[in-house]
Amino acid sequence: MAAMARRGRPPAIGRDEVLSSALDVLRERGVARLTTREVASRAGVSEGSIFYHFTDRRGLLTAVFSEALRPLFAFKENLDPAAARTFDDVAIVLERYAQAMRAFLDDALEVLVAAHGDAGVRDEVGTVVTANDFGPHRGIAAMTNYFDGLRATGLVGADVDTHAAAYLMVGATFLRSAQPTLFGHSTGIPATSEIVAAVLRLLGADTSRRPGSTGPASSITVADASAAPELLVLQRCCWVQEAVANDTLDIPPLHETQAQVRAWFDEWTVLTVRDGPRLIGAVRGRLVGHTWEVGRLMVAPDRSGHGMGSRLLAEAEAIAPDAATVVELFTGARSDRNLAIYRRAGFTVVEADDAPAGVVVLRKPRTPAASHSARG
């Protein structure tokens with residue numbers, strides 16, 4: 001029997017706007033208050049508009065889950081084993097998966113936790129989850145298929161247990177994102193780079209000393225002011241290339257003193273990555289209002305091109321505090337390589353009246369989440 005057609009004129013407000021209001025209610029007041037009446041009040045429309053778009057509360061819950069899952073669905077659609085020529089390429093994919101998982105749990109985890117405190121809500125959410133086959137098994141299946149594809153290309157060996165590697169990646173990433181909400185602390189949480197390195201080792205990669213590797217020899221950690229002398233040298237090496245690309249020597253990193261670099265630590269969180277004792281990469285971040293400013297992303301010239309910059313950027317985003325709603329950074333207008341990295345990470349160029357000449361500002365929205373710090 002054909003589904004009953006919607007009656008009446010469609011409401012002026014769009015479905016996406018109603019769903020946005022539903023997500024606001026969920027984040028602020030919890031799933032128990034996610035009613036058609038509450039959402040209609042927040043959106044400034046009649047309940048009839050909610051029924052038009054979602055039929056009933058169950059339809060609204062389904063839409064909320066589907067919206068929360070959008071980052072993971074987008075990630076799944078972009079999985080292409082043939083595009084990975086080295087394990088460094090795989091590492092970038094896994095870092096992006098970790099970001100997508102965090103974005104999903106920002107909304108969905110609150111629903112799942114709150115549902116278990118109310119029998120009626122639990123049954124309703126359970127029905128939606130079952131009817132739509134939501135669950136981590138889908139992520140494990142998608143990751144297993146990706147790893148199987150890597151095996152078909154010859155990058156992963158025939159004896160690798162791809163399902164076990166997928167289970168580790170999905171399970172560890174889920175726990176890393178969920179633990180602060182479920183238990184109220186981040187004790188023992190590994191850096192995303194450490195999880196990725198463990199999965200790569202299961203897949204057969206040697207992560208111990210590879211240039212650009214995320215393994216133990218080059219884990220991303222929070223630095224202190226004692227790293228200032230090394231940071232000064234590294235950034236001068238890196239920004240010489242920027243000076244050439246942008247045809248100017250008027251670039252602050254080329255002129256900062258050691259004292260000025262040491263002063264970063266008064267207001268910035270600085271992440272560094274080493275190969276043994278050698279500093280080979282760094283990035284910093286700070287909160288200004290609701291904007292998480294990321295800057296001084298640098299990778300030693302002889303280690304560039306292996307995905308380390310993308311991984312540092314991902315970790316810098318991951319440590320943003322809950323109050324951050326936007327991530328912002330800037331680069332030279334002619335720094336094509338930097339611009340390509342930032343655009344791949346989801347940043348877009350925006351107009352900024354206070355930007356210096358020859359500089360472009362890039363931003364991306366960030367959904368409020370629990371803080372995920374790199375371990376020191």
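Points worth noting:
- For the range 218-365: rounded, prolate or oblate by the Cα gyration tensor [a/c cutoff 1.5]: rounded
- Residues whose placed amide H lies under 5 Å from that of Val326, excluding near-sequence neighbours: Trp292, Arg366
- Rounded FRET efficiency, nearest 0.05, which uses the C-beta distance separating Val326 from Asp266 and R0 of 25 Å: 0.65
- Note, ³J(HN,Hα) from phi for the range 161-170, Karplus 6.51, -1.76, 1.60, rounded to Hz, x at Gly and Pro: 7, 5, 5, 5, 5, 5, 5, 5, 5, 5
- Peptides 83-94, 219-230 ranked from most to least packed give 83-94, 219-230, packing being the mean of other C-beta atoms within 10 angstrom over each peptide's residues.
- 5 angstrom amide H check on Arg274, placed H, neighbours 5+ away: Ser219, Ile280
Computed from the coordinates by the stated procedures, all read-outs in this text should not be read as laboratory data. Quick caveat, the model's predicted, so the values are computed rather than measured. All Cβ positions, glycine included, derive from the backbone under ideal geometry; neighbour counts span all protein chains shown.
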